[in-house]
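Structure record follows, encoded as structure tokens.
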Amino acid sequence: MRFAPSPTGHLHVGNARTALFNWLLARQKSGVMVLRIEDTDLERSQARFEDQLIDDLRWLGLDWDEGPDVGGPYGPYRQSDRLPVYREQAERLLGEGKAYLCFCTEDDLRKDRERAMTEHRPPIYSGKCRTLDRAEAEGRRKAGEASAIRLEIPEHPIRFHDIVHGDVEFSNEVVSDPIIVRSSGMPVYNYVVVIDDALMKITHVIRGDDHLSNTPKQVALYEALGWPVPEFAHLSTILGADRERLSKRHGATSIASFRDMGVLPEALGNYLALLGWAPSGGTREIFSREELVKEFSLERVTPSPAVFDMEKLYWLNRHSIKQASSERIDRLALPYYSRALGDDMAKDSGGRPIDDYPWSPEVVHWFSSVTRLLVPSVDRLDQLPDRAFFIFHYDAQAALAAPDNRETLTWPNTDAVIARFTVKILEDESAQSGQLTPERFKQLVNEVKAETGAKGKELFHPIRLIVTGSHSGPEFDKLIPILEEGSRLTLPKHVLSTGERVQAFAKARAK
Ligand code: GLU
């Protein structure tokens, strides 16, 4: 099995799924997984994309037994390092009369195409140079005339079997005699992919179905080279919710962007596996990587397009977050707070990336409790700072003006609850020094209840409004210690204690 990306951009969900399916099969069958970098498009390929591809694949939990970074018996594994191999095989094909030199210029070809169009013929190569005398052609090449090398396509339809699409047949006319080496000397994708897959002993070619129409050319090449044709499996296109081909327009599509959003690799891997594959019998959707390795089969991959469902990915991510150790989640969550507080920290980070801001152990510990408080309510870790907004930003004026809070403020008991609660907090010594415990808080709230007769939401909504600025939010038991501890820490943004909040609220209300 192999994954053969072109390093021309970021790894996207489509390619990542291809990589995953190859990997699952390789691991299931104890096969060999090869990573090959297809960088013959020199203008668009960049080394940094290769590094990123490797990082993204590793982040997804994939590995390979042979590749540019790990070596292997059939290397090199980067196509730009294999040009002599391609040259040698092209000369062999020429020598055996299975390929021929073509001296047509770009201009000639364009004119041919235009003529074909006006005569309502398919714009395929006319085969003009096929009939040139081979010795004469060789002479012209030796004399320095620019020439491409074309494969001679046999005069019969080309058939192959695809594990996903079944038997496929292309008429030889559609294929025409493809160029395998350009006049610049650069070999083309359809040719090098065959040389590499054959020499690297690939038994299964699993890739996106955008390559289905390339496959007849490749099959013809295997035949010309006298090499066995591998098994093919072309995976369906991935569509966005609007049933258009998934693209940047649909938002996040690169693996890096999902990682940045705080999607866990096991959730993304699980989701990618379900794009076009379903296990036999049943509607199970949550799989560990080991279970996927065991259950996966190409026979159960569907040829119809898969629709990328963000909600399902988020659902799987919530599950993965719940399953993950809290230490891991705490560690992954920290950079999101750092980034959110970035403006305030940029001054003193000394140019260090904000992501790894050197927090003190006490602050790290405090952020962990913030994460544990808020993580049950998020789909992705990057939503945490937003959920934590009320911890860092307290605005009593805004809370009083918010349309959401209007109803709470009109209840008959609200004024009394606010008044009693305010007095109690302002008179409490522990609350005034940022040392209020959840037990003491509960005690004070119970006193307010007894004194005002308010209970349930009539009691809790106004109190929550004072403390958080909103009538709904996390449980006080967990929240109070976070506010109190936060107020005692040195953070780029001061966290108001419960006492400070009550004070600010009273002041805003008095205005
Ligand atoms: N380099 C090709 C691509 O990224 C790979 C095609 C193949 O797997 O054969 O589309």
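To the nearest 10 degrees, how steep is helix 13-28 against the longest Cα principal axis of the chain, on a 0 to 90 scale?
Around 80 degrees separate the two axes.
Once a ≥ b ≥ c are taken as the square roots of the eigenvalues of the Cα gyration tensor of the chain, is the result rounded (a/c under 1.5), prolate (a/b larger than b/c) or oblate (a/b not larger than b/c)?
It comes out prolate by the Cα gyration axes.
May I ask which residue of 432, 446, 54 lies farthest towards the positive end of the charge dipole of the chain, with charges of +1 (Lys, Arg) and -1 (Asp, Glu) on Cβ and the Cα centre as origin?
Of the options given, the answer is 446.
Among rounded, prolate and oblate, which fits the stretch 308-411 when a ≥ b ≥ c are the square roots of the eigenvalues of its C-alpha gyration tensor, a/c under 1.5 means rounded, and a/b larger than b/c means prolate?
oblate
Going down the list 29/201; 29/98; 322/455; 347/478; 98/128; 424/478, which pairs span over 26 Å between their C-alpha atoms?
Over 26 Å apart, Cα to Cα: 29/98; 322/455; 347/478.
Checking the a/c ratio against 1.5 first, then a/b against b/c, what shape does the Cα gyration tensor give for the stretch 1-76?
Oblate, because a/c is 1.5 or more while a/b does not exceed b/c.
Please order 120, 393, 319 by the number of other Cβ within 10 Å, starting at the fewest. Numbers along the way, then the final one.
Numbers: 120 6, 393 12, 319 16.
Lowest to highest Cβ neighbour count: 120, 393, 319.
How far is the Cα center of the stretch 242-320 from the Cα center of the stretch 122-155, in Å?
Each part reduced to its Cα centre gives a spacing of 47 Å.
Using the count of nearby Cβ atoms within 10 Å as a rough guide to exposure, how do 447, 311 rank from fewest to most?
Neighbour counts put them in this order, fewest first: 311, 447.
In the stretch 290-355, which trypsin sites (Lys or Arg not before Pro) are in a loop and have at most 12 other Cβ atoms within 10 Å, using DSSP for the loop call?
Those that pass, being in a loop and sparsely packed, are 347.
Dividing the convex hull volume of the alpha carbon atoms of the stretch 100-200 by its residue count, what do you get in Å³ per residue? Walk me through the numbers on the way to the answer.
Values: hull volume 13.8 nm³, N = 101.
In the stretch 100-200, the Cα hull volume divided by residue count equals 136 Å³.
Could you tell me which of 470, 390, 508 has its Cα farthest along the dipole of the chain towards the positive end, charges placed at Cβ (Lys, Arg +1; Asp, Glu -1), taken about the Cα centre?
Working it through, the farthest residue towards the positive pole turns out to be 508.
What is the Cα centroid distance between the stretch 402-438 and the stretch 28-95, reported in whole angstrom?
The stretch 402-438 and the stretch 28-95 have Cα centres spaced 65 Å from each other.
Can you pull the Kirkwood radius for the stretch 415-511, inverse mean 1/r over Cα pairs, to one decimal in Å?
13.4
Given the peptides 25-31, 418-424, 148-154, arrange them by the average over their residues of other C-beta atoms within 10 Å, most packed first.
Highest-to-lowest ranking by the protection proxy: 148-154, 418-424, 25-31.
If you filter the stretch 11-110 for GluC sites (Glu not before Pro), then keep DSSP loop positions with at most 11 other Cβ within 10 Å, what is left?
Here the GluC sites (Glu not before Pro) that fit, given the DSSP loop and packing criteria, are 43, 96.
With both partners inside the chain, how many of the DSSP beta bridges are antiparallel, as a percent to the nearest 5?
55
Taking amide hydrogens as modeled 1.01 Å from N in the peptide plane, which residues meet the under 5 Å criterion relative to residue 180, leaving out close sequence neighbours?
Amide H neighbours of residue 180: 149, 150, 151.
Can you pull out the GluC sites (Glu not before Pro) in the stretch 213-258 that DSSP calls coil and that have at most 16 other Cβ atoms within 10 Å?
Filter output for the stretch 213-258: 244.
Check the chain for me: any Cys whose beta-carbon has no other cysteine beta-carbon within less than 4.7 Å?
104
What 222 nm value per residue comes from the helices of the chain, counting each DSSP H run with n ≥ 4 as -39,500 (n - 2.57) and dividing by all residues, nearest 500 deg cm²/dmol?
Computed ellipticity for the chain at 222 nm equals -14500 deg cm²/dmol.
Against the longest alpha carbon principal axis of the chain, how many degrees, from 0 to 90 and to the nearest 10, is the axis of helix 457-468 turned?
The helix 457-468 is inclined about 70 degrees to the chain.
How would you rank 442, 142, going from fewest to most other Cβ atoms within 10 Å of each one's own Cβ?
Lowest to highest Cβ neighbour count: 142, 442.
Tilt of helix 498-510 relative to the longest C-alpha principal axis of the chain, in degrees (0 to 90, nearest 10)?
70
Coordinate-derived values only; no laboratory data. Being a predicted model, the structure only gives us computed values, none of them experimental. Note that each Cβ is placed from the backbone with ideal geometry, even for glycine, and that neighbours are counted across all protein chains shown.
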